[in-house]
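Report on one structure; see the data block that follows.
What follows is calculated from the coordinates using simple rules that are stated; it is not laboratory data. Since the structure is predicted, the reported quantities are computational estimates derived from the model, not experimental observations. Here the Cβ is made from the backbone with ideal geometry for all residues, glycine too, and neighbour counts use every protein chain on show.
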Amino acid sequence: MSNINVGIIMNGVTGRMGTNQHLIRSIVAIRKQGGVTLPNGDVIMPNPILVGRNENKLRSLAEEHGINRWSTDLDTCLSNSEDIIYFDSQTTVRRAKDIRKAIKAGKHIYCEKPTATSVEESLELARLAYEAGVKNGVVQDKLFLPGIMKLKRLVDSGFFGEILSVRMEFGYWVFEGDWQPGQRPSWNYRKEDGGGIIVDMFAHWRYVLDNLFGNVQSVSCLGATHIPKRWDELGEPYTCTADDAAYATFELEGGIIVQANSSWTVRVNRDDLLTIQVDGTEGSAVAGLRDCKVQHRVNTPKPVWNPDIENPFDFMDQWEEVPTNDVLDNGFKVQWELFLKHIVNDESFPWDLLEGAKGTQLSDLGLKSWEERRWIDIPELTIGGASHGEKVKVTKS
């Protein structure tokens, strides 16, 4: 039994997601639990170096969490052979350039999504990583949410019979920033900075739908910028150039129809910030971030439309909770542990840069559908060429 120290260059960890989910709740938590134990008893211990542009933020973050390495010089970090993983949670417009540099330096790649600002650039990153022979992965955290894992268990068990449709509602009210600070950074609402809810959320919807129900085959999307003016972190007004809501329909293989509403301009009147309702011939389910409830065909009520009487049904009371049979950890941390095992022990990790490119592709085609006001089919992606539909097969490691 031995300890295996794994150096990780963590770029962009001073941002909200980088600090909370990837540093504190993942890498710091893994270090506090004593590392990741392999089947033979060896222990992987992550050894991060925090990288960013703000020296004061980096120093403060490192001191607060017992990390003794930080730097504002990415090139110097990439030259250190003991740091074998490069992680990127910067803003989208900065990500691809630094991932290219890390691949050239021979680092294994793990990054947030979207992996780039266009599908062509995302495919290029996947191709470069493949040609360089470096392992790579993309954060697909929602697959590890307790509610989604319960939903996946239902799908795998055949609970639904034939799945007919899926309805997804996501979002909440993000304050404009004038009389209350906004909960999201201002760049989210500027297209030129990589903002927009289609770019942000369709990358998530792609891997959720592909992994749970079947590959997405076509999209129809209508975006909107409902709030044209917001106030930034300094209290200065700015014009919103990116979409803050998207109303989409996806068609999946097997004929499953998905309706997905995504909005930062909606007030929540549902069980959770994200709810996914699945309807099938044998039963239905509604999953949130942590919980999932079901209604089998034998327990389905038989309502009749009659607006002249009080509703005789308590519809919300006619669902059963799916039990939490497993102890489920933070989804970001779980995926970090899987990636570390993939790097050290060559365990399976299917969520690579090509999978990440599929998310960018859906965002791109969603925006195109909105612009052209039409349905768009989604071609197969490969890393044999730079275009959407080039059919050059590559065996992925």
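Among residues of region 60-79 that are within 18 Å of Gly106 (Cβ to Cβ), those with a beta-carbon under 8 Å from a residue that is assigned to a loop (DSSP other than H, G, I, E, B) and of a type in the set (D, E, K, R) at least six positions away or on a different chain give the pairs Leu78/Lys107. The residues of region 68-98 that are in a helix (DSSP H, G or I) and either closer than 17 Å to Val199 by Cβ or among the basic types (Lys, Arg) (or both), listed by number, are Thr92, Val93, Arg94, Arg95, Ala96, Lys97. Residue pairs whose Cβ atoms lie under 9 Å apart, sitting 6 or more positions apart in sequence or on different chains, and linking a residue in region 358-374 that is among the β-branched types (Val, Ile, Thr) to a partner that is part of a loop (DSSP other than H, G, I, E, B) and surrounded by fewer than 22 Cβ atoms within 10 Å (Cβ to Cβ), are Thr360/Thr117; Thr360/Ser118. Considering only region 204-237, state which residues are assigned to a strand (DSSP E or B), farther than 12 Å from Val258 by Cβ and touching a Leu at 6+ places or on another chain (Cβ under 8 Å). Answer for region 204-237, where residues must be assigned to a strand (DSSP E or B), farther than 12 Å from Val258 by Cβ and touching a Leu at 6+ places or on another chain (Cβ under 8 Å): just Gly223.
On the stretch given as region 135-147, residues that are closer than 27 Å to Thr76 by Cβ and surrounded by 22 or more Cβ atoms within 10 Å (Cβ to Cβ) total 4.
Look at region 298-317: where a residue is under 26 Å from Phe160 (Cβ atoms) and a partner is not in a loop (DSSP other than H, G, I, E, B), sitting 6+ places away or on another chain with Cβ atoms under 7 Å, you get Asn299/Gln318; Pro301/Gln318. Filter region 1-21 for residues that are under 18 Å from Glu63 (Cα atoms) and of a type in the set (Ser, Thr, Tyr) and give the result. Those that are under 18 Å from Glu63 (Cα atoms) and of a type in the set (Ser, Thr, Tyr): Thr14, Thr19. Candidates in region 290-321 are the residues that are touching a helix residue (DSSP H, G or I) at 6+ places or on another chain (Cβ under 7 Å) and part of a helix (DSSP H, G or I); of these, the one that is farthest from Ile276 (Cα to Cα) is Asn299.
The residue that is nearest to the chain's Cα centre (by Cα), counting only those in region 165-203 that are assigned to a loop (DSSP other than H, G, I, E, B) and polar (S, T, N, Q), is Gln183. Between Val278, Val294, Val344, the distinction of being within 23 Å of Glu112 (Cβ to Cβ), surrounded by 14 or more Cβ atoms within 10 Å (Cβ to Cβ) and touching a residue at least 12 places away in the same chain (Cβ under 8 Å) belongs to Val344 only. Against the numbered list (1) part of a strand (DSSP E or B); (2) hydrophobic (A, V, I, L, M, F, W, C); (3) within 19 Å of Lys368 (Cβ to Cβ), Ile276 comes up short only at (3). List pairs: first residue in region 117-132 and within 18 Å of Glu380 (Cα to Cα), second residue buried (at least 20 other Cβ atoms within 10 Å of the Cβ) and of a type in the set (Asp, Glu) anywhere in the structure, Cβ distance under 8 angstrom, at least six positions apart or on different chains. Correct list of pairs: Ser118/Asp364; Val119/Asp364; Ala126/Asp352. For region 99-118, a tally of residues being in a loop (DSSP other than H, G, I, E, B) and either under 20 Å from Met45 (Cβ atoms) or not basic (Lys, Arg) (or both) returns 9.
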